[in-house]
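Pasting a structure here, questions to come.
Each value in this text was obtained by applying a stated rule to the coordinates, not by laboratory testing. All figures in this text were calculated on a predicted structure; none of them were measured in a lab. Ideal geometry is used to build each Cβ from the backbone, glycine not excepted, and the neighbour counts take in all protein chains shown.
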Amino acid sequence: MNHDASLSAPPGRARRIVLVGLAILGLASALFVVRGPLMMSAPRCMAGRWHGCFDTFNGVVLMTLVTLPLAALVVWALALRRRAAGVTSAWRMSLAEVGMVHGTVPFLWLTMMPGGGAGIVPARVSLVPLRDLVTMGPLGIVGNLLVFAALGFFAPMRFAALASVPRVLALGAGCSVLVETAQYVLQLDRVSSVDDVLVNTTGAVLAGLASRRWWRTTAQAQADRPRPAAAAAG
């Protein structure tokens, strides 16, 4: 019997439990801090009112949190379906798909939310790098880092074709350019800034690096293909 292996397993499991516990504690602490603003939007959101819920930062954040159980249910359903089809990475693929959507759509909604002068104020562009960065403030920088963080984190876990740093960088930059272009074309009373693209892309790359150990390889993608029924029966 390998005593070293038996002794090393419990510390590894304990470390994972500690990390999960710290993540839950951190999320709970964050929710406790922002509970006041979120609860201000709760009555309007629960009543399904557009104004005061879906057109406010607090309302969008609240609905994102409220729909977390639904997202978890979708992950579970997709994973069960894939496991029944013989896919080996069913849970990882399902989590990545739902995570990309649930973690990106709310931020896109916020970035495309029109300002008070939408349709009236002329579209504005800022193409000088780092000029707007000093005016963003800490919250603005963190928010821009998170816009495509979920996409950068989960996309390489789902698609082997995106499992490289340059491709994650290109994905984040491309999506950010599309958002900034849409803000300009739709005249949303927002500044289409090159600094937003730089920070959005940085957030996607950093999140991708954080998930690098779970990136999907080409070999895994081929192994996860469901086998035809005839071949399986043979």
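What number comes out for the charge environment of I141, summing +1 per Lys or Arg and -1 per Asp or Glu over other residues with Cβ under 12 Å away? Could the numbers behind the result be given before it?
On the way: positive: none; negative: D132, D195, D196.
After counting each charged neighbour, the total is -3.
Still on this model: Just to check, using Stokes-Einstein with a Kirkwood Rh over alpha carbon pairs, what's the diffusion coefficient of the range 51-224 at 37 °C and 0.692 mPa s in µm²/s? Kindly include the intermediate steps, with their values, before the conclusion.
Numbers: Rh = 17.3 Å.
Once the numbers are plugged in, D ends up at 190 µm²/s.
Specify the angular offset, from 0 to 90 degrees and rounded to the nearest 10, of the alpha carbon long axis of helix 165-185 from the longest principal axis of the alpha carbons in the chain.
Here the helix axis deviates by roughly 30 degrees.
If you take the Cα Rg of the range 14-123 and divide it by 2.2 N^0.38 Å, with N the number of residues, what do you get? Kindly include the intermediate steps, with their values, before the conclusion.
Values: Rg = 17.9 Å, N = 110, 2.2 N^0.38 = 13.1 Å.
It is 1.37.
Moving on. What residue among L78, L70, L206 shows peak mean-square fluctuation when the chain is described by a Gaussian network model with Cα springs under 10 Å?
Of L78, L70, L206, the Gaussian network model singles out L70 as fluctuating most.
Moving on to the next point. Which order do peptides 125-137, 100-112, 48-60 fall in by mean Cβ count within 10 Å, highest first?
Numbers: 125-137: 12.1, 100-112: 17.8, 48-60: 15.3.
Peptide ranking by packing, descending: 100-112, 48-60, 125-137.
Take the alpha-carbon centre of the range 85-143, take the same for the range 191-205, and report the distance between them in whole Å.
Answer, in whole Å: 9.
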